[in-house]
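Asker: Sharing a structure with you now.
The values are calculated or read from the model by the stated rules, or taken from the named source; none is laboratory data. As the structure is a computational prediction, the values presented were derived from the model and not from experiment. The accessibility values were calculated without ligands, DNA or RNA, using every heavy atom of the protein model including side chains. Shrake-Rupley method; radii C 1.70, N 1.55, O 1.52, S 1.80 Å.
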Amino acid sequence: MFKKNQTLGEFIIENQTSFKYSSGELSSLLNSIRLAAKVVNHEVNKAGLVDIIGAAGDVNIQGENQQKLDVYANEKFIQTLTNRNIVCGIASEEEDDFISINSNDENHQNKYIVLIDPLDGSSNIDVNVSVGTIFSIYRRVTPVGTPVTLEDFLQKGNQQVAAGYVVYGTSTMLVYTTGDGVNGFTLNPAIGSFYLSHPNIQFPENGTIYSVNEGNYIHFPQGIKNYIKYCQMEENDRPYTSRYIGSLVSDFHRNMIKGGIYLYPKSSLNAEGKLRLLYECNPMAFIAEQANGKASDGFTRILDIKPTELHQRVPFVCGSKNMVEKVEEFMKKAI
Ligand code: AHG
Ligand code: MN
Ligand code: MN
């Protein structure tokens, strides 16, 4: 049941009963992400003033060092997630190792693991183009009462209990799933609240947009080259439109709403592709599937891959179901 003018806070509380672990805890965790998103949004929005108030590396008027936004976002998300007694471990693109949280929880009773890409598409910051945050949430697998271990973080994506992203775009939106469909909330900056604006988002089964860094074409596997040529062929609804922002969150978001496919294949430069399995591909794959889309490494379902490393990279093909299946067909044929 979708209500008019429903805020994210209200939605989280109202829908917590549909979550299989009885849990005000997950609600509280999602609320802390909502809070961190607003804080980071405020800072991202000021980025264009950097020439006036000081660039990263400068010292500001209070004598503090200006931080790079990805470092800032990392700190804000970690601080906010640590403040409530819910999260036992965090892994981030910006941290070499995982963080075990026990400052508030000497007895290691907290159950949730969070993995984040605090600022995705950060090269877009300097040119006033959309960036994002990606998050992925699991329950720990090691027993409560003990410190977290790497094993808690190296779970298959199909074990995620929630995942989402924030896109700091022309409007700021928070989109998430707890395994019961995908919903999008738009920030009203005047009031500081996210409102349900995109209930039950669905990927169109087919699309006409393809998103890939075509500058790397020469280095792509043959199957991907063939697929790109297929996208450009004059036949039926093709040639498709090419759109590439260079920020996974924004490219994914557009493709989910309009119908399309995002590809970051492996290449002769990056043997495993570029994107990170744990805090980029898995959360996006979970959202995609919950919205009736699909995510694959070209052969295998992303959510079924058993991770072996925290910062593991993986080739990523994600979007409208029929388009992803077409890529898999091309990959198979080219072996
Ligand atoms: P990040 O800013 O978190 O390092 O991620 C950037 C990623 C992703 O968002 C984007 O789609 C991709 O890198 C772009 O890579 P190319 O510049 O190689 O196309
Ligand atoms: Mn990223
Ligand atoms: Mn990042």
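Asker: Rounded, prolate or oblate, given the Cα gyration tensor of the range 287-333, with a/c below 1.5 counting as rounded?
Answerer: Oblate shape, in that a/c is at least 1.5 and b/c is the bigger or equal ratio.
Asker: Expressed in nm to one decimal, what extension gain is obtained for the pair Lys46 and Lys225 from 0.36 nm per residue of sequence separation less their Cα-Cα distance?
Answerer: The span from Lys46 to Lys225 would gain 60.4 nm if fully extended.
Asker: Let me ask something else. Excluding same-chain residues fewer than 8 positions from Lys294, which aspartates and glutamates have a Cα within less than 20 Å of its Cα?
Answerer: Asp180, Glu205, Asp251, Glu272, Glu280, Asp304, Glu325, Glu328, Glu329
Asker: How far, in degrees from 0 to 90, does helix 24-45 lean away from the longest principal axis of the Cα atoms of the chain, to the nearest 10?
Answerer: Helix 24-45 sits roughly 80 degrees off the main axis of the chain.
Asker: Tell me, what % of the accessible area of the range 209-333 is carbon and sulfur with a 1.4 angstrom probe?
Answerer: Answer for the range 209-333 is 46 percent, counting heavy atoms of protein chains only.
Asker: Counting C-alpha atoms alone, how compact is the chain: give Rg to one decimal and Dmax as a whole number, in angstrom.
Answerer: Cα radius of gyration and Dmax of the chain are 19.8, 63 Å respectively.
Asker: Taking the 0 to 90 degree range and rounding to the nearest ten, how far is the long axis of helix 321-333 tilted relative to the main principal axis of the chain, both from C-alpha atoms?
Answerer: 60 degrees
Asker: Hey, another quick one. Can you compute the equivalent ellipsoid semi-axes for the range 209-333, i.e. the square root of 5 times each eigenvalue of the Cα gyration tensor, sorted largest first and rounded to whole Å? Before the final figure, lay out the partial values.
Answerer: Working: eigenvalues 87, 56, 35 Å².
Taking √(5λ) for each eigenvalue gives 21, 17, 13 Å, largest first.
Asker: Take the Cα gyration tensor of the range 8-198, multiply each eigenvalue by 5, square-root it, and list the three semi-axes largest first, rounded to whole angstrom.
Answerer: 29, 21, 14
Asker: On to the next question. For the chain, what does -39500 (n - 2.57) per DSSP helix run (n ≥ 4), summed and divided by total residues, give at 222 nm, in deg cm²/dmol to the nearest 500?
Answerer: Values: 9 runs with 96 residues, N = 335.
Computed mean residue ellipticity for the chain: -8500 deg cm²/dmol.
Asker: May I ask you to list the lysines whose Cα is less than 22 Å away from that of Lys76, ignoring any residue fewer than eight positions away on the same chain?
Answerer: Lys38, Lys46, Lys68, Lys111
Asker: Considering only C-alpha atoms, what is the centroid distance from the range 70-142 to the range 245-286, in Å?
Answerer: About 20 Å separates the Cα centre of the range 70-142 from the one of the range 245-286.
Asker: Taking Lys4 as the anchor, which lysines have their alpha carbon closer than 18 Å to its alpha carbon, excluding any fewer than eight residues away along the same chain?
Answerer: Those lysines meeting the cut-off do not exist here.
Asker: Can you give me the angle between helix 222-232 and the longest principal axis of the chain, using Cα atoms only, in degrees from 0 to 90, rounded to the nearest 10?
Answerer: The two axes meet at around 80 degrees.
Asker: While we're on this one: Full-extension gain between Asn5 and Val71, please, as 0.36 nm times their residue separation minus the C-alpha to C-alpha distance.
Answerer: Gain on extension, Asn5 to Val71, equals 20.4 nm.
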